[in-house]
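All remarks here apply to the structure that follows.
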There are 2 protein chains.
Amino acid sequence: MHIDSARRDQLQEWEKELSAQYQRICQHELNLDITRGKPSADQLHLSDKLDGILNGDYRAADGTDTRNYGGIDGLACARNLGADILQVPSEEVMAGGNSSLTMMYHAVLTGYLFGFAGNTPWREMQAPKFLCPVPGYDRHFSICEQLGIGMVNVPMTEHGPDMDVAEALVRDDQEIIGIWCVPKFSNPTGVTYSKETVDRLACLAQIANPGFRIFWDNAYAIHDLEHQVNLPSIRSATLENDTADSVLQFASTSKVTHAGAGVAFVSASAANLASLKKQMQAMTIGPDKVNQLRHSRFFAEFTMLKAHMQKHAQILKPKFECVLNQLNQAFGDSDLGEWEEPRGGYFVSFSTRPGCAAAVVKLAADAGVKLTPAGATFPYGKDPEDRNIRIAPSFPPLEELDTAMSVFVLCVKLASVRKQLESL
Amino acid sequence: MHIDSARRDQLQEWEKELSAQYQRICQHELNLDITRGKPSADQLHLSDKLDGILNGDYRAADGTDTRNYGGIDGLACARNLGADILQVPSEEVMAGGNSSLTMMYHAVLTGYLFGFAGNTPWREMQAPKFLCPVPGYDRHFSICEQLGIGMVNVPMTEHGPDMDVAEALVRDDQEIIGIWCVPKFSNPTGVTYSKETVDRLACLAQIANPGFRIFWDNAYAIHDLEHQVNLPSIRSATLENDTADSVLQFASTSKVTHAGAGVAFVSASAANLASLKKQMQAMTIGPDKVNQLRHSRFFAEFTMLKAHMQKHAQILKPKFECVLNQLNQAFGDSDLGEWEEPRGGYFVSFSTRPGCAAAVVKLAADAGVKLTPAGATFPYGKDPEDRNIRIAPSFPPLEELDTAMSVFVLCVKLASVRKQLESL
């Protein structure tokens, strides 16, 4: 199906056929959901041995009684786990509670209210703002929006954020004080940042406001589907460029063990950790060390964590294949959409023809298939071209996903044809 | 020992004797700690069945798979547990993470950054401030101090904060926007607020700024030592006075199960919960529901929780008796200090003669007994009369506590005599 070259009568015929198909599907009264990147029950089951793993022994290897108060840095063995995931020294890691999102929120709060490492608190600026590679992760954008921090779109390329754009923006505006990055299997495009991108990001601090910070949300650090994809080290790159204070790295076990019941990690320079801790000390006596100990025992060696992630990959791979097969079959030879083939992570990002995404999401919803709201992957929920849709294949069982994708491709076709007819 | 009526030569003789005793004790090279309200290992052991209690069944009674994301209010059964502890309807309760302190921090943040229920955010005021009943809990004061919220001392009486003072302050200053309360077994004085105090607190909102909030930290709601002490319901009192929006209640299981690895609760009106959730939604996808389920199973009935608390009381009672016996023996017939006899909670609060507390803490430290820093129970760490010392009997084994208290009473005597000699 090539829309740009189709005549009006051809488009009208397609519209009629597709509408009829759509009407038949609506009669099935489906109730399917491919909105959020939630692990499936099969994946969650992989970690069910966590509860009970302590076997009455609540003492960590270093002698800490995890049942009592204290230790704002987190348990030493949990910090080691975070260090393995992020590939950094454990002295630079704090192990926290159940959510890296919460850690990122508090990190933004630290910059906003108090400033990092002696720099001006962002709230004292006229118009502090973050660079937001788009499409990106809606929950990053919500943090900025809540605190009134402005957001400036930077287009994603297949190598990461468009660094020409990012550098020009930072050079022009000294009130740009951060950038959101999901550097490996980017949410939602699935892209892993190239060495050049990482190096150029590490140099941003040389031209930016001294309070500028890269929020490196490495949510999918170990979430490869088949072959391991190597993300160049941002830590090494900043050390080489004398900009180590410009980056804060985050990870968690939420898509490793039980979602929302795991351990989150932050890694940063000594100066940044001191700033974070200063804020945290008024807020908490320390994280849940018992749960940290459970995770440390469950993954006593990094090889055990790697083997565990392969089991996840085995469950996820057929789901990604299902989505990609449907997209290839429907749109491989068409001008109806574009997508990446991610090698890990949790999403497939689909770009419709301009001005069609909201219509696709609406059609699918009316047919009983819930998609992430169009625009959600952009700051303020505004996709300037109304093109991006994030597909999350992980949660539903394979048959349901396949049905949902059949509805999805039909809705894309129908919305695209209607849009073209309108514009003729 | 009566210092006020002692002659100089008598004081000099005492000083000599006490100094000699002190020197002997210093030679023992003690290393004891009665600083913080931490449960002892015996107490923690009471909850060791928590890990493994799920027995592979991670599904809550309402069907929720606790292993996956979602549910910002917390699990229904966990909210019921919080409702039992705080004696409020479960619809008014959110169950959260491992720390009620963290919840209080976020609640203050909500008021400060965004305002509760449509009221002016506190940060937009000239000089927002909290009333702080003193002596009080240092971690409450740290939250205000970090955010630059002023603090005004209100003396504690044996019935709670001096309400004449509190009312006059609120009437005079419309930028008083909160008060910290530990209403049952107050930290550190052990006082439980009277019905009159609770009623008058519930009426403060009638004369205060509409954004005024009572932070009701009911940390020791079920922590009675022997007979149950009834705290009048602040919820009922505010409902009667049409001020239900003026109070936020907090509790946790930190001194019930494992400290820092439990579940925290907040209870408030619908309007306040909506404000809290608005802030939280940018910060978290939801709390650790697996741990909430563990707690709900461990305390399947409120009677089980009550029986559990009696076991805590059995461990704590001899420790409180030890402290009170030592104080009674040393100071029962003296003018060297005052204290309450708490019927629950975690502390004994001791007031020295004016100007002696810091000296006592220093003497004890030099003799190897760590006490909470003098002044810690006051905003900004400043006890205007240098009198209050908080004793935390729970953590050390009984023999160690007894030794620590022997050192303590000796240090009080020595510091008091020396102070009096100086002033003659």
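The values are calculated or read from the model by the stated rules, or taken from the named source; none is laboratory data. Predicted, not measured: the structure shown is a model, and the values here were computed from it. Every residue, glycine among them, receives a Cβ derived from its backbone with ideal geometry; neighbour counts consider all protein chains shown.
Among the residues examined, A:L276 qualifies as under 23 Å from the mean Cα position of the chain (by Cα), within 14 Å of another protein chain (Cβ to nearest Cβ) and within 23 Å of A:T110 (Cα to Cα). Would you confirm whether any residue within the stretch B:16-27 is over 20 Å from B:M405 (Cβ atoms) and in contact (Cβ under 8 Å) with a residue 60 or more places away in the chain? Within the stretch B:16-27, not a single residue is over 20 Å from B:M405 (Cβ atoms) and in contact (Cβ under 8 Å) with a residue 60 or more places away in the chain. For the stretch A:128-152, the set of residues classified as touching a residue at least 24 places away in the same chain (Cβ under 8 Å) and in a helix (DSSP H, G or I) consists of A:D138, A:R139, A:H140, A:F141, A:I143, A:C144, A:E145, A:L147, listed by residue number. If you go through the stretch A:279-307 and keep only what is surrounded by 17 or more Cβ atoms within 10 Å (Cβ to Cβ), part of a helix (DSSP H, G or I) and more than 14 Å from every other protein chain (Cβ to nearest Cβ), you end up with just A:L305.
Has the stretch A:357-365 got at least one residue that is within 21 Å of the chain's Cα centre (by Cα), surrounded by 17 or more Cβ atoms within 10 Å (Cβ to Cβ), of a type outside the set (G, A, S) and part of a helix (DSSP H, G or I)? Yes, there is a match, as at least one residue in the stretch A:357-365 is within 21 Å of the chain's Cα centre (by Cα), surrounded by 17 or more Cβ atoms within 10 Å (Cβ to Cβ), of a type outside the set (G, A, S) and part of a helix (DSSP H, G or I). Could you tell me whether any residue of the stretch B:224-245 is in the same structural domain as B:S100 (by TED's automatic domain parsing), crowded, with 21+ Cβ neighbours inside 10 Å and among the acidic types (D, E)? Yes, the conditions are met somewhere in the stretch B:224-245.
Please indicate, with yes or no, whether at least one residue in the stretch B:249-260 is away from chain A (no Cβ under 14 Å) and at negative phi. Looking for residues that are away from chain A (no Cβ under 14 Å) and at negative phi, one finds at least one in the stretch B:249-260, hence yes.
Please tell me if B:R343 is at negative phi and surrounded by fewer than 20 Cβ atoms within 10 Å (Cβ to Cβ). So B:R343 passes the test. Each residue in the stretch B:8-50 was checked for being outside any loop (DSSP other than H, G, I, E, B), of a type in the set (A, V, I, L, M) and either within 9 Å of chain A (Cβ to nearest Cβ) or surrounded by 14 or more Cβ atoms within 10 Å (Cβ to Cβ) (or both), and 7 of them qualify.
If you go through the stretch B:34-81 and keep only what is more than 25 Å from the chain's Cα centre (by Cα) and among the hydroxyl-bearing types (S, T, Y), you end up with B:Y58, B:T64, B:T66, B:Y69. When you check A:D57 against the structure, is it farther than 27 Å from A:S349 by Cβ, acidic (D, E) and facing chain B (nearest Cβ under 10 Å), yes or no? Yes: the conditions hold for A:D57. Exactly one residue out of B:I34, B:I25, B:I53 is among the β-branched types (V, I, T) and either assigned by TED's automatic domain parsing to the domain that holds B:R79 or touching a strand residue (DSSP E or B) at 6+ places or on another chain (Cβ under 7 Å) (or both), and it is B:I34. Among the residues of the stretch A:366-401 satisfying the criterion of being surrounded by fewer than 17 Cβ atoms within 10 Å (Cβ to Cβ) and over 20 Å from the mean Cα position of the chain (by Cα), which is farthest from A:N325 (Cα to Cα)? Among those that are surrounded by fewer than 17 Cβ atoms within 10 Å (Cβ to Cβ) and over 20 Å from the mean Cα position of the chain (by Cα), it is A:P384. Does B:G97 count as more than 12 Å from chain A (Cβ to nearest Cβ), outside any strand (DSSP E or B) and surrounded by 23 or more Cβ atoms within 10 Å (Cβ to Cβ)? For B:G97, the condition - more than 12 Å from chain A (Cβ to nearest Cβ), outside any strand (DSSP E or B) and surrounded by 23 or more Cβ atoms within 10 Å (Cβ to Cβ) - is not met. Scanning the stretch B:252-273 for residues that are under 17 Å from B:L109 (Cβ atoms) and either in contact with a His (Cβ under 8 Å, 6 or more places away or on another chain) or crowded, with 23+ Cβ neighbours inside 10 Å (or both) returns B:A264, B:V266, B:A268, B:N272. Check whether at least one residue in the stretch B:153-172 is in contact (Cβ under 8 Å) with a residue 60 or more places away in the chain, closer than 28 Å to B:K38 by Cβ and touching a helix residue (DSSP H, G or I) at 6+ places or on another chain (Cβ under 9 Å), and report yes or no. For the stretch B:153-172, residues in contact (Cβ under 8 Å) with a residue 60 or more places away in the chain, closer than 28 Å to B:K38 by Cβ and touching a helix residue (DSSP H, G or I) at 6+ places or on another chain (Cβ under 9 Å): present. Restricting attention to the stretch B:307-333, the residues that are polar (S, T, N, Q) and under 14 Å from B:G344 (Cβ atoms) add up to 2. Here is the figure for the stretch B:112-154: residues that are within 14 Å of chain A (Cβ to nearest Cβ) and either of a type outside the set (S, T, Y) or under 20 Å from the mean Cα position of the chain (by Cα) (or both) total 22.
Within the stretch B:196-222, the set of residues being in contact (Cβ under 8 Å) with a residue 60 or more places away in the chain and closer than 19 Å to B:V93 by Cβ comprises B:R213, B:F215, B:D217, B:N218, B:A219, B:Y220, B:A221, B:I222.
Residues of the stretch B:62-77 being crowded, with 19+ Cβ neighbours inside 10 Å and within 13 Å of chain A (Cβ to nearest Cβ), which ones? Once the filter is applied, which keeps residues that are crowded, with 19+ Cβ neighbours inside 10 Å and within 13 Å of chain A (Cβ to nearest Cβ), the stretch B:62-77 yields B:T66, B:R67, B:N68, B:Y69, B:G71, B:G74, B:L75.
Within the stretch A:155-180, the set of residues being under 21 Å from A:T372 (Cα atoms) and touching a Pro at 6+ places or on another chain (Cβ under 6 Å) comprises A:M156 only. If you take the residues in the stretch A:366-409 that are in a loop (DSSP other than H, G, I, E, B) and among the hydrophobic types (A, V, I, L, M, F, W, C), which one is farthest from A:R139 (Cα to Cα)? Going through the qualifying residues, I end up with A:A367.
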